[in-house]
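These notes concern the structure reproduced below.
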Amino acid sequence: MKSRRKFIKQLGLSVVSIPLASSVLKTQSCESPPVVNKFEKPNMPIILSTWSFGKIANQAGWDVLVNGGNALDAVESTAKFVEADLSQTSVGLGGWPDRDGFVTLDACIMDEKGNCGSVMFLENIMHPISVARLVMEKTPHIQLVGEGAQMFALENGFVLHDAPTEGSKKAWEKWKLENNYEPKISPENHDTIGVIALDKNGNLSGACTTSGLAFKMHGRVGDSPIIGAGLFVDNEVGAATATGTGEEVIRICGTHLVVELMRQGYTPVNACKEAVERIVKRSPRYTKEMIIGFLALNKKGEYGAYSTRKGFEYGVYDKVGSVLKTAEFMETY
Ligand code: ASP
């Protein structure tokens, strides 16, 4: 019975497929222009995030996108998912503190119209990304910092939370014993969630949030909350986000560079590669110990990533499903 039904089903499918196949053949045999491009659809919706926590968090953004929501809501949802996870030691209030014991958070967000908002050096607030969004939507400014950013958050209904967590405090105490109050950059003491998405309407947005380098100098701000460094979106071209040693990303205006290279025709992966190579070749301060990665998405939903060293992973969620990928990297390292 089962196999008969299967047979009928197969028969039905093949009956439907005959006219389609013949029309394709007809198009090919009369040597008309390559119509196949006319029907090529952009790969959307799609959401991409840095690191393995990004792969898990992409579900939150995908749920928004697949239900017809916009890219801005999607990237905020994914970023919030990681911020709320106190077991993450490089994002949100679970982040490891600076060298004086304070957890200070940086975030930014950008939409398809070029609107953007950013908070830096923000303390005791669980969702810096949502504060950044409110800076974008409710103020004439783009960046709010420190106490001013916290005051703005409280005025808008956010509440204060304790930080650091017990676990982070222990890590800091251990660090104090083993280090000479020296801020150090190593691949083990930082990571950021950078999220970029293209929605069903073909609009791009991005979000980026981090607690920055662990045991950094008090007041240090990296690339993550800086538009054009940690995140950039141009709805005509594409979007990019960065992770890794922020100082190096700022020096080349990293994500702005990646998007501009895509405008010139670079594929997402080649644009990321060029940005990485520029850092490695030109910065006298660059060391092989640093990991710096870029992740990019263009208007067609094509994406790519590249990093200085092996180990940069990113999550992709599109109609094919959710996967964790490893970025290409410079072979010499
Ligand atoms: N870019 C972040 C910073 O410099 C850290 C990271 O993404 O690994 O604060």
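Each reported figure results from applying straightforward, stated rules to the coordinates on display, with no laboratory input. As the structure is a prediction and not an experimental result, all values here were calculated from the model. All Cβ positions, glycine included, derive from the backbone under ideal geometry; neighbour counts span all protein chains shown.
Of note:
- Distant-in-sequence amide contacts of Ser205, defined by a placed amide H-H separation under 5 Å and a gap of 5 or more residues or a different chain, comprise Ala197.
- Listed by chain and number, the aspartates and glutamates whose C-alpha is less than 15 Å from the C-alpha of Lys184, apart from same-chain residues fewer than 8 away, are Asp98, Asp100, Glu247, Glu248, Glu289.
- Zero-based 5 Å bins, Cα pair distances in the stretch 260-333, whole percents: 3, 16, 25, 22, 17, 10, 4, 1, 0
- Span from the the stretch 286-318 Cα centroid across to the the stretch 200-271 one, whole angstrom: 11
- Under-5 Å amide H pairs with Ile291, H placed in peptide plane, nonlocal only: Thr245
- Under Karplus coefficients 6.51, -1.76 and 1.60, residue-wise ³J(HN,Hα) of the stretch 109-120 in Hz, glycine/proline x: 9, 8, 10, 6, 9, x, 6, 8, x, 8, 10, 9
- Build a GNM of the chain with springs between Cα atoms under 10 Å apart, and of Arg133, Arg285, Arg220 the one that fluctuates most is Arg285.
- For the Cα trace of the chain, dividing Rg by the Kirkwood Rh returns an Rg/Rh value of 1.08.
- Residues in the stretch 91-127 that a label on Ile142 would reach, taking backbone N under 19 Å of a point 7 Å out along Cα→Cβ: 106-122
- Most fluctuating residue given options Asn189, Asn298, Asn179, as computed from a GNM of the chain linking Cα atoms under 10 Å: Asn179
- Comparing Val64, Val159, Val103 in a Gaussian network model of the chain, where Cα atoms under 10 Å apart are tied by springs, the biggest mean-square fluctuation is seen for Val159.
- With all pairs of separate Cα atoms included, the stretch 197-259 yields a Kirkwood hydrodynamic radius of 12.2 Å.
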